[in-house]
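A short worksheet on the structure shown next.
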Amino acid sequence: MFDGPEPIYLQIAQMIRAQVLAGELAEEEQVMSTTQFATTFRINPATAAKAFAGLVDEGVLYKRRGLGMFVAPGAREKLLADHRARFFDEVLAPALAQADLLDIPTSEVVDYVLGRPRPAGPGTGGAPRTGPTTDPTPR
């Protein structure tokens, strides 16, 4: 299950973040205890606890004394804002820099983005769109 190159506690935290983003874990919903997590995934309870502590520090989870860990109010919105900011910094800015390097006008990039097909679903704005409105062949 946890076979990525990063430490297991980071993989656990990312898995919980993804569940919150996907709506699989709702605000105020209880998450598995560190003991349950350790037993289910056959890991050290301290590893799960380290992941949970990081998520508490981020404001994604909070602890109710004697009850366990719960998804914090506003956690999904916070994660969405963080991911959107990273998208612009890590994905879109380099893509736009590459477009500048290739002398692709901003209007052509915008036309392509507005005309690209998109799957229907949460966060996609509804029905699929049709293909690009400009000729995508290189100049």
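Here are the numbers for the structure shown:
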{"quantity": "Close pairs (8 angstrom Cβ cut-off, 6 or more residues apart or separate chains): closer than 12 Å to residue 77 by Cα in region 1-30, among the basic types (Lys, Arg) and open to solvent by 50 Å² or more (accessible area, probe 1.4 Å) anywhere", "calculated": "20/76; 21/76; 23/76; 27/76"}
{"quantity": "Subset of region 31-89 [assigned to a loop (DSSP other than H, G, I, E, B) and either in contact with a strand residue (DSSP E or B) (Cβ under 9 Å, 6 or more places away or on another chain) or surrounded by 14 or more Cβ atoms within 10 Å (Cβ to Cβ) (or both)]", "calculated": "31, 32, 33, 43, 60, 67, 72, 73"}
{"quantity": "Of all residues making up region 106-135, the number that are at pLDDT 70 or above and within 20 Å of the chain's Cα centre (by Cα)", "calculated": "3"}
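The values are calculated or read from the model by the stated rules, or taken from the named source; none is laboratory data. Fair warning: this is a prediction, and the values are worked out from it, not measured in the lab. No Cβ is skipped: glycine too gets one built from the backbone with ideal geometry, and neighbour counts run over all protein chains shown. Calculation scope for accessible area: heavy atoms of the full protein, side chains included, ligands and nucleic acids excluded. Shrake-Rupley method; radii C 1.70, N 1.55, O 1.52, S 1.80 Å.
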